[in-house]
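Novice: Would you mind keeping the following structure in view while I ask a few things?
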Amino acid sequence: MHKQPVRPVLVVVAHGSRDPRHAATVHALVRRVRSLRPGLRVETGFLDFNIPSVQGVLESLAAEGVRDVVALPLLLTRAFHAKADIPAVLREAPGRLNIRQADVLGPSPLLLSALERRLYEAGLTPADKSSTGVVLASAGSTDPEAIAVIADIAREWRHTGWCAVRPAFASASLPRTEDAVRELRELGCERVAVAPYVLAPGFLPDRIARGAARADVLADVLGPAPEVARLLLRRYAEAAARVPLPGRAPVSA
């Protein structure tokens, strides 16, 4: 019988936070990923604040004899962490590892589905769409590419039937959530909902929540939504089909 090829280990690379809700949400999402693909080994590493660190996870895998890894940034946009921080950490990984860095999660129709799931869980129904204005509230970034992506997502989401969709940012960029809520009120939307385009609770999501004080509906963070778990597996599959990072050729036994 032919042996099945060993699938690369999926290492989910999370940002990390001093807020304990962050790590708890990341772990809940990873548990959902494991439940969808029981035969796949999934590990979690954090860039900062939480353990295990990404470097520690990679060193442990190399010590076990693992050769192939897909490092998946738990990020919604391609900003500084995806472009600089994570590649720098991966370059410091043990040389015996073949590492492929997966794409960030967004943009994706699956994320729009997850956002709508959270809005419906917060009390809206599909029948409310045409009379509801939505604030797409993200953490914010100094990276113009990341900001442009959020604006594009808002425009695309508007075409699915909402009264209006406005982007907002908790830091680094304008408008703030409260300003976008006010704009939608002035536009004449019957109700206003805030949809946090963030994966886990923390300082900036809390700022989004405060900015939603005058909204009618505040959805939860995306967290372990089933659509997010499916998207992780899609990004994993895409990366596993690519060649490893340059300079990480397989090490012979």
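Novice: Can you tell which of Asp103, Asp143 is in contact with a helix residue (DSSP H, G or I) (Cβ under 7 Å, 6 or more places away or on another chain) and within 30 Å of Arg67 (Cβ to Cβ)? Before you say what the answer is, go through the steps one by one.
Specialist: Numbers: Asp143 fails: within 30 Å of Arg67 (Cβ to Cβ).
When all the criteria are applied, what remains is Asp103.
Novice: What is the one condition in (1) within 21 Å of Asp206 (Cα to Cα); (2) crowded, with 23+ Cβ neighbours inside 10 Å that Thr132 does not satisfy?
Specialist: (1)
Novice: Could you list, in sequence order, the residues of the range 32-85 that are of a type in the set (Val, Ile, Thr), farther than 19 Å from Glu238 by Cβ and open to solvent by 20 Å² or more (accessible area, probe 1.4 Å)? Give the steps one after another, and end with the answer.
Specialist: Residues of the range 32-85 that are of a type in the set (Val, Ile, Thr), as a first pass: 33, 42, 44, 51, 54, 57, 66, 69-70, 77.
So of that shortlist, the ones also farther than 19 Å from Glu238 by Cβ come out as 44, 51, 54, 57, 66.
Hits for the range 32-85 are Ile51, Val66.
Novice: I'd like to check something: does the range 23-39 contain any residue that is part of a loop (DSSP other than H, G, I, E, B) and under 17 Å from Leu90 (Cα atoms)?
Specialist: No: the range 23-39 contains no residue that is part of a loop (DSSP other than H, G, I, E, B) and under 17 Å from Leu90 (Cα atoms).
Novice: Do the conditions hold for Arg185, that is, is it over 20 Å from Leu105 (Cα atoms), surrounded by fewer than 20 Cβ atoms within 10 Å (Cβ to Cβ) and either within 19 Å of the chain's Cα centre (by Cα) or at pLDDT 95 or above (or both)? Write out each step before concluding.
Specialist: Working: over 20 Å from Leu105 (Cα atoms): yes; surrounded by fewer than 20 Cβ atoms within 10 Å (Cβ to Cβ): yes; either within 19 Å of the chain's Cα centre (by Cα) or at pLDDT 95 or above (or both): yes.
For Arg185, the condition - over 20 Å from Leu105 (Cα atoms), surrounded by fewer than 20 Cβ atoms within 10 Å (Cβ to Cβ) and either within 19 Å of the chain's Cα centre (by Cα) or at pLDDT 95 or above (or both) - is met.
Novice: Considering the range 88-103 alone, what residues qualify as being under 23 Å from the mean Cα position of the chain (by Cα) and exposed (fewer than 15 other Cβ atoms within 10 Å of the Cβ)?
Specialist: If the condition is that a residue be under 23 Å from the mean Cα position of the chain (by Cα) and exposed (fewer than 15 other Cβ atoms within 10 Å of the Cβ), then Ala88, Arg91 are the ones that fit.
Novice: A follow-up question, please. Name every residue in the range 188-240 that is closer than 15 Å to Phe169 by Cβ, among the hydrophobic types (A, V, I, L, M, F, W, C) and not in a loop (DSSP other than H, G, I, E, B), in order of residue number.
Specialist: Val194, Ala195, Phe203, Leu204, Ile208, Ala209
The values are calculated or read from the model by the stated rules, or taken from the named source; none is laboratory data. Treat the numbers as computed from the prediction; the structure is a model and nothing was measured. A quick note on method: Cβ atoms are made from the backbone with ideal geometry, for glycine too, and the neighbour counts reach across all protein chains shown. All accessible areas refer to the heavy atoms of the entire protein, side chains included, with ligands and DNA or RNA removed. Shrake-Rupley method; radii C 1.70, N 1.55, O 1.52, S 1.80 Å.
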